[in-house]
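The values are calculated or read from the model by the stated rules, or taken from the named source; none is laboratory data. What you see is a predicted model; the values in this text were computed from it and never measured. Reconstructed Cβ throughout: ideal geometry from the backbone, glycine too, with neighbour counts over all protein chains shown.
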Amino acid sequence: MRRLYIETVGCQMNMLDSEMVVASLRKQGYEITTDPLAADTLLFNTCSVRQLAEEKTYSALGKLKKHKLRHPDKVIGVMGCMAQKDQKLIFERAPYVDFVVGPGQLAQVPQLIADTNAGQAHQLAVGLGRRDGSVGEIKRSHETFDPLRDPTMRPTPYQAYLRIQIGCDKFCTYCVVPNTRGPEQGRPPEQIESEARVLADQGCKEITLLGQTVNSYQYRTEQQTTRLSDLLARLHDIPGIARLKFVTNYPKDMTDDLLQAVRDLPKVSPYLHVPLQSGSDRILRLMKRGYTVAEYDEMMERIVATVPGHAISSDFIVGFCSETDQEFEMSVEAIKKYRFKNSFIFKYSERPGTRAMDNLPDDIPHEVKQYRNNELLAVQNAISEEANHAFIGQTVDVLVEGPSKKAAKQADSSGPLVQMTGRTHCDRIVVWEGNRRQAGQIMPVTIYEARAHTLFGEVLTEHCGPEVFTVESPLPLA
Ligand code: SAH
Ligand code: SF4
Ligand code: F3S
């Protein structure tokens, strides 16, 4: 039996990729270990979206240097977006890394490990750059990797990600993703449907469809074009699936057929993550986001008019090149106007290989970025808390995920009552005192208290008094 340690940072795509790689290695007899020093093979699934994410990975690799010198038979692999972006540079910075494998070559991981064990050093398996071949060649070099699913690698057995699209063609000027994940490609609907059926058979109740611009999804054959709305309709009636979500949406591609599908298909969550990024038209233009604030506004009006019970979340970048105080204030005003359920707020981080890095100076001081980040977060948190207060006294249907992180850490969590957590149909986090048997059920919870990121509830059918807990804030989506 061989032991695998895998560390994953970045977005849901990376979590899914790790699940797939683990599934393929389990078939080769690997067991997972959470102790890096006990592992035979160590994999780092990396993210390049901000510099900090890369620094963390290089620092984690640095800690393994001595270990690898003492145990040269251990295999260390770097996968994911930083592998595609930095390529050979990783061997220069960390020569004890055995192989580097991009997100489009993950099917090769078992072979790369075998070849390392057979004595090959510094193997590099990456996709073509965006100017390094014909469109077809570049596309083929970024392959989607979706083998058999491994339910044990998921955050919970009842929820799963399902990739419907890889890559991105939007080329926002700040973003590495079109380079690291390659051209946008939709997966065939038949494959997506059969994967969804496998997930349902494995006991999965909620599927989140993934794509960098998920609502741009298209799959064309000579006979027809399948859009996201068609796909949702196709997946909707799979027995066992109770909820369908999809992230992340691109504002320009939020078409009426999609909003109508969200309205008409009861299993589709009325939750839409559709990042605005900035409230200033000049900054949106510099970012090459492809829409104006007025166009975003028009989209929001259509969502409000079409989808009852909707919850919208956003991403913002603060301190983008040349952003003035007034332009930052426009982002503040946008959050106040649209009253997002939540927003993920990021300080601009200059990324090699992007147009912003080549053409625009990163001229906003770090302290100013930090200040704007705190300000925007404070405004968003106050709005999230106000919106959550409206749920007090209401009973909401919650898909129970399991004991909360806090309960999992508590020594006495083996008792009958533990803090449980789950989400509403519109993606709000709920905690209550319940029991482990509730996991995987969709059940009514009555809300009696609300904070910015959490609703506190009780299950009225069971005899348990309300009590106030705190939970950690949700992880950023990307
Ligand atoms: N495909 C998604 C998200 C991609 S990355 C979308 O288009 O919305 C997730 C978020 O990270 C982005 O929405 C953006 O807000 C942020 N981000 C991307 N590049 C960044 C950079 N260079 N610096 C800071 N934040 C960045
Ligand atoms: Fe694509 Fe999103 Fe990056 Fe823009 S921010 S280039 S849409 S992944
Ligand atoms: Fe990071 Fe790649 Fe996702 S850069 S955010 S892991 S697509």
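Selection of the stretch 48-97 for residues being basic (K, R), in contact with a helix residue (DSSP H, G or I) (Cβ under 9 Å, 6 or more places away or on another chain), part of a helix (DSSP H, G or I) and away from ligand 3 (no atom under 16 Å from the Cβ) yields only R93.
Matching residues to (1) assigned to a helix (DSSP H, G or I); (2) away from ligand 2 (no atom under 16 Å from the Cβ):
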| position | (1), (2) |
| --- | --- |
| E298 | yes, yes |
| A305 | yes, yes |
| F340 | no, yes |
| R351 | no, no |
| Y371 | yes, yes |
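Yes or no: the stretch 267-275 includes at least one residue that is in contact with a Lys or Arg (Cβ under 6 Å, 6 or more places away or on another chain), small (G, A, S), more than 18 Å from S194 (Cα to Cα) and in contact (Cβ under 8 Å) with a residue 24 or more places away in the chain. Yes, some residue in the stretch 267-275 is in contact with a Lys or Arg (Cβ under 6 Å, 6 or more places away or on another chain), small (G, A, S), more than 18 Å from S194 (Cα to Cα) and in contact (Cβ under 8 Å) with a residue 24 or more places away in the chain.
Pick from D363, D358: which is within 30 Å of Q84 (Cα to Cα), assigned by TED's automatic domain parsing to the domain that holds D169 and in contact with a Ser or Thr (Cβ under 7 Å, 6 or more places away or on another chain)?
On the way: D358 fails: in contact with a Ser or Thr (Cβ under 7 Å, 6 or more places away or on another chain).
Going through D363, D358 in turn, the sole match is D363.
Could you say whether any residue in the stretch 398-421 is outside the structural domain of Y348 (by TED's automatic domain parsing), of a type outside the set (S, T, Y), in a strand (DSSP E or B) and exposed (fewer than 14 other Cβ atoms within 10 Å of the Cβ)? No, the stretch 398-421 contains no residue that is outside the structural domain of Y348 (by TED's automatic domain parsing), of a type outside the set (S, T, Y), in a strand (DSSP E or B) and exposed (fewer than 14 other Cβ atoms within 10 Å of the Cβ).
Checked against (1) buried (at least 18 other Cβ atoms within 10 Å of the Cβ); (2) closer than 30 Å to Q441 by Cα; (3) among the small types (G, A, S); (4) at pLDDT 95 or above, A356 meets all criteria but (2).
Please work out if A294 is assigned to a helix (DSSP H, G or I), at pLDDT 95 or above, touching a Leu at 6+ places or on another chain (Cβ under 8 Å) and surrounded by fewer than 20 Cβ atoms within 10 Å (Cβ to Cβ).
Judged against the criteria, A294 is not a match.
Residues of the stretch 422-456 that are farther than 25 Å from A378 by Cα and either out of contact with any strand residue (DSSP E or B) (no Cβ under 8 Å at 6 or more places or on another chain) or outside any strand (DSSP E or B) (or both): H425, N435, R436, R437, Q438, A439, G440, Q441. Listed by first and then second residue, the pairs linking a residue in the stretch 212-231 that is at pLDDT 95 or above to a residue that is acidic (D, E) and away from ligand 1 (no atom under 16 Å from the Cβ), with Cβ atoms under 7 Å apart and 6 or more places separating them unless they lie on different chains, are R227/D257; S229/D257.
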